[in-house]
Amino acid sequence: LLLLCYTEEAAVIVSGLKNTDVFVGESATFTCELSHPGVKNVQWWLDGSPLHNNFVTEISEQDGMIHTLTLNDVACHDSGTVTFRAGSLISSAKLLVKGISLLE
């Protein structure tokens, strides 16, 4: 029973995702910092769809605590809610992709 007293402290989100506005064709970067490494089941989502590392979507982590998502060459239809999930921890932010007006 004493072992239960020494379970690892649960990680918490130190710095969550921030709402981001970018123009069409630019890159959007989201960063979430956890209090310590080792959290399992890390996943990024855009409007409920899981994201995977590819040439458009760059997912990285530094020291197991700083998790970064970069969406390259965004389009208007990429606007939506970006969600970071690590175990039971969740952080979300809005991505707004703005078109370039030809009227200016």
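The values are calculated or read from the model by the stated rules, or taken from the named source; none is laboratory data. Please read all numbers here as calculations on a predicted model, not as lab measurements. Note: ideal-geometry Cβ built from the backbone for every residue, glycine included; neighbour counts use all protein chains shown. Ligands, DNA and RNA are stripped out before the accessible areas are found, and what is left, the full protein with its side chains, is counted by its heavy atoms. Shrake-Rupley method; radii C 1.70, N 1.55, O 1.52, S 1.80 Å.
A few points about this structure:
- Peptides 49-61, 84-96 ranked from most to least packed give 84-96, 49-61, packing being the mean of other C-beta atoms within 10 angstrom over each peptide's residues.
- Relative contact order for the chain, counting Cα pairs under 8 Å that sit 6 or more residues apart, in percent: 33 percent
- Given charges at Cβ of Lys, Arg, Asp, Glu: the chain dipole, positive-most of CYS32, ALA11, LEU71: ALA11
- Ligands, DNA and RNA left out, the accessible area of region 24-104 computed with a 1.4 Å probe is 54% carbon and sulfur.
- Reachable lysines, given that their alpha-carbon falls under 20 Å from the alpha-carbon of LYS18 and they are not under 8 places away in the same chain: LYS94, LYS98
- Summarising the label geometry, the points placed 7 Å from Cα in the beta-carbon direction at GLU58 and ASN72 lie 0.7 nm from one another.
- Taking every protein chain into account, the accessible area of the chain amounts to 66 square angstrom per residue (probe 1.4 Å).
- Computed over the chain with a Gaussian network model linking Cα atoms closer than 10 Å, the most mobile of ASP73, ASP63, ASP47 is ASP63.
- Taking the inverse of the mean reciprocal distance over all distinct Cα pairs, the Kirkwood hydrodynamic radius of region 11-96 comes to 12.9 Å.
- Efficiency of FRET between LEU96 and HIS36 - r from beta-carbon atoms, R0 22 angstrom, step 0.05: 0.10
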